[in-house]
Amino acid sequence: MANKKVYPMSRWEDWDREHGTLPTPATDYSQWPAGYSILLNEKIMHPADLSLSKMKLDRKRQLFVDDDLIHWGSPRVYAYPT
Amino acid sequence: MKDAQTFGMYGIYEANGWPYESRWLGCLSMTAYFPHPNTNWITKRNWIVLAGSRDGHTWFYLGDRHPFIPNGPGDSWDAHYIRMGNMSNTGAPLLENDKLWFYYYGNYGGTTDFSGLERSDKGRWQFAGGLGTLRRDGFASLNASTDPGLVITRPFVFTGEGNLSVNADVADDGYIKVAVLEEDASELPAFEASNCNGVSTDTIEGGISWKQRDNIGELKGRYIRLAFHLRQAKLYSFWID
């Protein structure tokens, strides 16, 4: 009779017994509020204002998914697949 | 998914990037792990957000990190886990009849014990394929209602022959007209918005011309701006070929 494949059924407590308790895998933003406030702020991380910079366009379609092309613009609305 | 961020096990699970027209886009599969109530298991969620890049090196989340393809509701087949299909082209959509087709796969049942076994109250994970469709270039639009809107580009030179087209959805009482501007934003004679034969319908490829000019070919090599005047319209893209 062929051996049936047996899947291991260990749960966290089994793993803990063998390897010790895992540290909590959460990011605690309160430990470094000043730093995280910078890292999570895209405007601070990428401050260059490109609205006055010149560019060269090829023949391909130019999208409006961000402000890269735009000096002044109407409100942007994102769409999603349906 | 702010709750997921609160729990902390949150981040990019899979990053795909693909060239789309003049830029890079990507569908990121995001992940979050939640402690599962009353057990030591965790409940896992994966969903898709859109990202973009100009150079392929520096990437930004698009759409304020809102799900591009969200998990389905309740006990639907894709309620817990979604990743992109089409891995032969790194998750890029297919263009079919002026629609973008996004294939993805997902499941119900994102509860996992640490051994790697994946279970749910419906049994083993049951994967299925999904298809989402989007208008060509339809990732984002610049919109105007009955209050006219204005979009002015950065100054640019173009490599095409000067035939300007737009992809736009214009309501019956709306329009998109275009003025060509000098680098200092002054209107160029013969290319004013008042002389523009604009677009007044829903079109994937609507040509723009002016009463005295069919195209902007004579401006090749000069830095210009385009000023799009919108009313009751959604502007998805433009190009100069």
Gain on full stretching of the segment that runs from B:Tyr105 to B:Asp172 - 0.36 nm per residue minus C-alpha separation: 20.3 nm
Could you work out the relative contact order of chain B, using alpha carbon pairs under 8 angstrom and six or more residues apart, expressed as a whole percent? 15 percent
Looking only at B:Gly207, B:Gly56, B:Gly130, which one moves most when chain B is put into a Gaussian network model with springs between Cα atoms under 10 Å? B:Gly56
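Estimate the FRET efficiency between B:Asn163 and B:Ala185 by the formula 1/(1 + (r/R0)^6), using the beta-carbon distance for r and 30 Å for R0, to the nearest 0.05. Please list the in-between numbers first.
On the way: r = 23 Å, r/R0 = 0.77.
My answer for the efficiency is 0.85.
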Surpassing 25 Å at the alpha-carbon level, of the pairs A:Lys54/B:Lys177; A:Lys60/B:Lys99; B:Lys177/B:Lys220; B:Lys99/B:Lys220; B:Lys44/B:Lys99, are B:Lys99/B:Lys220; B:Lys44/B:Lys99
Give me the one-decimal nm value for the distance between modelled label points at B:Asp55 and B:Glu205, 7 Å along each residue's Cα-to-Cβ direction. 3.3 nm
Taking chain B as a Gaussian network, Cα atoms linked when under 10 Å apart, which of B:Ser209, B:Ser186, B:Ser53 shows the biggest mean-square fluctuation? B:Ser186
Please list 3J(HN,Hα) in residue order for region B:151-166, calculated via the Karplus relation 6.51 cos²θ - 1.76 cosθ + 1.60 where θ = phi - 60°; whole Hz, with x for glycine and proline. 10, 10, 8, 5, x, 8, 10, 10, 9, x, 7, x, 8, 8, 9, 10
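To the nearest 100 Å², how much accessible surface do chains B and A cover up together, summed over both, with a 1.4 Å probe? Before the final figure, lay out each step's value.
Values: alone 13200 and 9180 Å², together 16900 Å².
Using a 1.4 Å probe on protein heavy atoms, the buried area is about 5500 Å².
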How about region B:169-203: which GluC sites (Glu not before Pro) there are in a DSSP loop, with at most 16 other Cβ atoms within 10 Å of their Cβ? B:Glu183
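At R0 = 35 Å, how high is the FRET efficiency between B:Asn97 and B:His66 if r is their beta carbon distance? Nearest 0.05 is fine. It would help to have the intermediate numbers written out before the result.
On the way: r = 27 Å, r/R0 = 0.77.
Calculated value: 0.85.
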Positive end of the dipole of chain B, charges at C-beta (+1 Lys, Arg; -1 Asp, Glu), about the Cα centre: which of B:Leu230, B:Ile12, B:Gly138 has its Cα farthest in that direction? B:Ile12
Considering the options B:Gly149, B:Ser29, B:Leu100, tell which one lies farthest towards the positive end of the dipole of chain B, charges being +1 on Lys and Arg and -1 on Asp and Glu at the Cβ, about the Cα centre. B:Ser29
Can you compute the modelled spin-label distance between A:Lys54 and A:Gln31, with each label point 7 Å from Cα toward Cβ, in nm? 5.0 nm
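The values are calculated or read from the model by the stated rules, or taken from the named source; none is laboratory data. Note that the coordinates shown come from a computational prediction; the quantities given were computed from them, not determined experimentally. Note that we place each Cβ from the backbone using ideal geometry, even for glycine, and neighbour counts take in every protein chain shown. Just so you know, the surface numbers come from the protein's heavy atoms only, side chains and all, with ligands and any DNA or RNA stripped out. Shrake-Rupley method; radii C 1.70, N 1.55, O 1.52, S 1.80 Å.
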